[in-house]
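A short write-up of the structure that comes next.
The values are calculated or read from the model by the stated rules, or taken from the named source; none is laboratory data. Worth saying up front: this structure is predicted, and the values here are computed from it rather than measured. Here Cβ is always computed from backbone atoms with ideal geometry, including for glycine, and neighbour counts include all displayed protein chains. All accessible areas refer to the heavy atoms of the entire protein, side chains included, with ligands and DNA or RNA removed. Shrake-Rupley method; radii C 1.70, N 1.55, O 1.52, S 1.80 Å.
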Amino acid sequence: MTARTRVPAGRRWLGIGGADLLVIEGYVLAAVLLYAGLWRDLDGGYLVGSMQDQNLFEWMFAAQAHAVARGENPLFSDLQNAPLGVNLMANTGLPALAVPLTPVTLAFGSTATWTVVLTGGLAGTATAWYWLFSRHVVRSPVAAAVGGAFCAFAPAVISHAKAHPNFAATFLLPVIAIRLIRLPEARRPVLHGVGLGVLGALQVLIGEEILLIGVLAVAPYAIWFGLTRRRMPRQVVVGVATAIGVSTALVAYPLWLQFAGPQSYHAIEHGPKGNALAAFVGYPSQSLGGLVTGGPGTLAMNGTEENAFFGWGLVTLVVVLAVWLRAELPARIATAACAVGAVLSLGPVLSVDGEPTGWPAPWALLADLPLLESVLESRLALACVPAVGCLLAVATQRVLDAPPDRRFGTASLRAVWAGALVVALLPIAPLPFDTVTRAPTPEFYAGGEWARWVGDGGTIVPVPLPEPLRADPLRWQIDAGMGFAIPQGYFVGPAGEERLGSYGAPKRPSSLLLDGVAATGEVPPISDADRAAMVDDLRFWRADAVVLTDGPRQEELHTAVSALLGPAHRAVDAWVWDVRPITGS
């Protein structure tokens, strides 16, 4: 940190001032506007861009609240994927947020929790980065506000903020950074280290992947810094050692459960998923520029994985700032982290416009290492977001430090900088998220009729069975008070002898048969072998009832299940096959 940007020591301990409040209120307002559709409909609002992920995260919030209310382990649930269950630590369950928000979930529903986590995640992330910048990087609240806003509302964050709260709620990362910055001056390094360890543990229980990405991005600079220091201050050694010990103790069981507990898995094989070079200068779908250009097209996996897409204007500006601000220590650190994140995000093979060139990229050296083998490498570009935010904050401070009459050509320097920000940031400014009202939960579940057909802790088999592309039954289960388990579902669990991570459960024969009917509308001839397989599957699932609610392909599915199990009972808006005599449940 240079003399130009150093903040007086006393300033670091001041409380929130009037300027801080205005900035924070602005962040909250921006986040609320983005999620206005959800706030208007906390009962049935659904983010279109989340695909099936809103159903998944709402289910995980509800499952953890249900476990807390019953005094059970909130890190594992047997309510989905019956009878094997779901390892929530291996499924980004965000227990550090879900468990404290249990009263919200129980009182107002999991859609309210989903909305609070997303909105608070963005606003909290912007606020935390603003706090770091304003207390340790720049003096001007305006400069810090620009940097903080970018850190929370950048294209990559907005892309994930419609479906992945673990990447939207990253407010602990700058808080951890602040604790590290203050560590060399700590009077009580052990106590300081305890706080740092608690923060690290909480971040693990919110989102491990973003923490790993941050560590990878700053590791080269941290290693260089450590090697060039003749002696590390005692406070740093004691504080870091204490933090590691405390954090390890707090996350030992959760990480054991994640990597070695029931329904854990070894790795997820995504295949090469690096960013193309063209992705960095493209425009995201959820932006003004995307409306004009049509968005990223085939350069992104889907709308929730637009991990680059900064646009030509911002990329050009960042290159200029990296050169202009090279004398500023915070800018040098940010430039290094941005470069590391961008280069690693290219994946193992370089791609220019989406087609592999065959040229190896640096990620090829790391791709097969433990933990890193499951990382979706395009997400490493998320490390560029706070780095760019820091560059914008430092540059804004330098412009504000210049004499008001300083000119750049015929225009004032401040006017030129304001214009540069508009050109770079306006095209990637986020648009409010599209929200629809989801289809109502069938009355069979919402009205409590299901309880007549299921014993205590029993299992209902929805027809067709839930899977990652068909996760509405998770919502039905929530609206039924989590009173029964369901087979299959939407989660990540082990598959095959190698126990590699797989989305959803391995399909059983009767599930495949019903999937085919649901997809084609054609009922195949039902054989005795099919009926025997159905019985085996029902016994494996420990099913109490098979339920078909009103919906697409209902007539064909009713015909198929009736051929497998015999006549059904009509119950409200569902057909029910009581299979307890078959399974002994």
Exercise. Calculate how large, on average over all directions, the projected area of the Cα convex hull of the range 189-234 is; give the answer in nm² to one decimal.
Key: 3.8
Quiz prompt | Kirkwood-based shape ratio for the range 488-555, expressed as Rg/Rh from alpha carbons | solution = 1.00
Quiz item: Hey, what number do you get for the chain at 222 nm if only DSSP H runs of n ≥ 4 count, each worth -39500 (n - 2.57), divided across all residues, to the nearest 500?
Solution: -16000 deg cm²/dmol
Exercise. Determine the per residue accessible area of the chain with all protein chains present and a 1.4 angstrom probe, expressed in square angstrom.
Key: 43
Self-check item: Förster-model FRET efficiency, 45 Å R0, Ala219 and Trp39, C-beta, rounded to 0.05
Solution: 0.70
Practice problem: Using only protein heavy atoms and a 1.4 Å probe, report how much of Arg580 is accessible, in Å² to the nearest 10. | Solution: 70
Self-check item: Rg/Rh ratio calculated on Cα atoms of the range 138-200 (Kirkwood radius)
Solution: 1.09
Practice problem: Taking the Cα centre of the chain as origin, work out the dipole magnitude from +1 charges on Lys and Arg Cβ and -1 charges on Asp and Glu Cβ, in debye rounded to 20. | Solution: 3520
Self-check item: For peptides 461-471, 21-31, sequence by mean Cβ density within 10 Å, most packed first
Solution: 461-471, 21-31
Quiz prompt | Binned Cα-Cα distances of the range 250-315, short to long, each 10 Å bin given as a whole percent | solution = 20, 33, 16, 21, 10
Exercise. Take the range 224-270, drop everything but the C-alpha atoms, weight them equally and run the Debye formula without solvent; then report log10 I(q)/I(0) at 0.14, 0.18, 0.20, 0.33 Å⁻¹ to two decimals.
Key: -0.60, -0.72, -0.75, -1.10
Self-check item: Distance cut-off 18 Å, percentage of C-alpha pairs in the range 112-231 lying past it
Solution: 59
Practice problem: Note down, for the range 302-402, the three equivalent ellipsoid semi-axes (square root of 5 times each alpha carbon gyration tensor eigenvalue), biggest first, whole angstrom. | Solution: 28, 14, 12
Quiz item: If each of Phe259 and Val416 carries a label point 7 Å out from its Cα toward its Cβ, how far apart are those two points in nm?
Solution: 5.2
Quiz prompt | Computed P(r) (all Cα pairs; the range 30-96; 10 Å bins; percent) | solution = 19, 42, 29, 10, 0
Exercise. Find, to one decimal place in angstroms, the Kirkwood hydrodynamic radius of the range 320-472, where the mean of 1/r is taken over every pair of different Cα atoms and then inverted.
Key: 21.2
Quiz item: For the chain, what does the equivalent ellipsoid look like in terms of its semi-axes, each the square root of 5 times an eigenvalue of the Cα gyration tensor, given largest first in whole Å?
Solution: 48, 25, 23
Quiz item: What relative contact order, as a whole-number percentage, does the chain give when Cα pairs under 8 Å and 6 or more residues apart are counted?
Solution: 17
Quiz prompt | 10 Å-binned pair-distance histogram of the range 58-116 (Cα, whole percent) | solution = 27, 57, 16, 0
Quiz item: Just how many % of Cα pairs in the range 177-270 lie over 19 Å apart, if you round to the nearest whole percent?
Solution: 51
Exercise. Taking the chain as the reference, fit the longest principal axis to its C-alpha atoms, fit the long axis of helix 234-260 to the helix C-alpha atoms, and give the angle between the two in degrees, 0 to 90, nearest 10.
Key: 20
Quiz item: Kirkwood hydrodynamic radius (Cα pairs, Å) of the range 466-526?
Solution: 13.2
Practice problem: Determine one quarter of the surface area of the Cα convex hull of the range 383-508, which equals its mean projected area, and express it in nm² to one decimal. | Solution: 14.6
Quiz item: How large is Rg over Rh for the range 389-431, taking Rg from the Cα atoms and Rh as the Kirkwood inverse mean of 1/r across Cα pairs?
Solution: 1.03
Quiz item: So what is log10(I(q)/I(0)) for the range 26-145 at q = 0.15, 0.16, 0.22 1/Å, when the Debye sum runs over its Cα atoms only?
Solution: -0.75, -0.82, -1.18
Practice problem: Can you tell me the 0 to 90 degree angle between the C-alpha axis of helix 384-401 and the longest principal axis of the chain, rounded to 10? | Solution: 30
